[in-house]
Amino acid sequence: MRTQISNDCLQVSISSEGAQLMSIRGADGTEYLWQGDQRYWSDRAPNIFPYVARLTGGAYTYRGQTYHMPIHGFAPTAEFSLFQQSNDSVTFLLESEDRFYEMYPFRFRYFIRYYLQENILHVELKVENLGENTMYFGLGGHPGINVPLEKGLGFEDYYLQFPACSPRRVEFTPACFITGKDSPFPLEESKLPLHHDMFNDDAIVLTGVPGSVTLRSDAGTHGVTLLAPDQPIYGFWHMPQTDAPYICMEPWSSLPSHQDVVEDLEQQADLLHLESEKTYTTTWSLQCF
């Protein structure tokens with residue numbers, strides 16, 4: 001099932017499967033969101049929960065028991081229920097069930113609210129811990145943005161504009177697990193020019209980015225700013241070894257597993273911790289121009 005919200009600036013379509021964005025269209029007809037293509041990547045904007053990226057062997061432990069969960073958790077393929085809707089806002093809900101409990105031994109409610117404010121699409125994520133034990137989780141977004149956004153431009157006409165900062169790149173192994181190390185990631189005039197082979201070794205994952213990054217071209221007028229002040233990690237990706245015409249701009253709360261380490265959920269330091277009967281809320285946004 002698809003649901004639409006709109007205002008004078010944007011029209012947005014969302015699927016109940018994964019509560020995934022399916023379209024972000026501007027008033028002039030510009031489609032900002034990648035529309036999926038099996039040659040490159042069939043998804044559009046998965047919602048990540050309750051674990052970011054890969055687990056070693058697809059597994060983790062919690063209190064001596066081993067659990068298995070797919071990449072980015074079960075939320076991307078789960079069917080969400082429609083909780084609340086207005087013209088410019090919609091909220092989806094995913095509740096813990098036995099099939100999730102086999103993968104993730106916590107009782108929860110996970111809300112995703114999309115709402116529009118002029119040319120900004122806000123994505124509010126809310127997690128409620130319904131169980132008796134502290135809940136450990138990661139979450140984030142994975143929206144693919146069309147590149148180019150205008151006719152006559154190419155992928156390499158675009159760049160990522162950062163605030164003044166000194167980001168560090170999280171080091172990954174060839175199998176896309178973290179090494180536990182990072183390294184300086186220098187920018188020239190706070191810019192990172194796009195070229196396809198920058199993703200030949202998979203994602204570029206950065207820390208130390210203060211709250212936002214903008215995709216733009218000096219030869220065009222349209223672009224997108226990712227605003228994610230609460231998220232400490234920013235990932236940038238398209239399908240490696242391809243000329244894919246999109247880039248994913250991903251706000252993450254935590255990192256994937258270490259290489260060859262089956263993580264203990266209680267011991268992975270960067271995961272979010274939520275006590276019994278407490279609620280965690282965060283928002284990331286896309287400003288489309």
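The values are calculated or read from the model by the stated rules, or taken from the named source; none is laboratory data. Bear in mind that the values here come from a model prediction, so they are computed numbers and not experimental data. Glycine also receives a Cβ, built like all others from the backbone with ideal geometry; neighbour counts cover every protein chain displayed. When the accessible area is computed, the model is the full protein with side chains, heavy atoms only, and any ligands, DNA or RNA have been set aside. Shrake-Rupley method; radii C 1.70, N 1.55, O 1.52, S 1.80 Å.
So the values come out like this:
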item: The stretch 131-142, subset part of a loop (DSSP other than H, G, I, E, B) and touching a strand residue (DSSP E or B) at 6+ places or on another chain (Cβ under 6 Å), residue most open to solvent (accessible area, probe 1.4 Å); result: Thr134
item: The stretch 267-286 - residue that is in contact (Cβ under 8 Å) with a residue 24 or more places away in the chain and open to solvent by 60 Å² or more (accessible area, probe 1.4 Å) and, of those, farthest from Pro105 (Cα to Cα); result: Thr281
item: Any hit, the stretch 80-97, residues being more than 30 Å from Asp8 (Cβ to Cβ), without any contact (Cβ under 8 Å) to a residue 60 or more places away in the chain, hydrophobic (A, V, I, L, M, F, W, C) and surrounded by 19 or more Cβ atoms within 10 Å (Cβ to Cβ); result: no
item: Within the stretch 148-166, tally of residues that are within 26 Å of Glu124 (Cβ to Cβ) and either free of Cβ contacts under 8 Å to residues at least 40 places away in the same chain or in a loop (DSSP other than H, G, I, E, B) (or both); result: 4
item: Failed criterion for Tyr234 (all others in (1) open to solvent by less than 40 Å² (accessible area, probe 1.4 Å); (2) in contact with a helix residue (DSSP H, G or I) (Cβ under 9 Å, 6 or more places away or on another chain); (3) outside any loop (DSSP other than H, G, I, E, B) hold); result: (2)
item: Scan of the stretch 204-214 for residues that are touching a Phe, Trp or Tyr at 6+ places or on another chain (Cβ under 6 Å) and either surrounded by fewer than 16 Cβ atoms within 10 Å (Cβ to Cβ) or touching a residue at least 40 places away in the same chain (Cβ under 8 Å) (or both), ordered by number; result: Val209, Val213
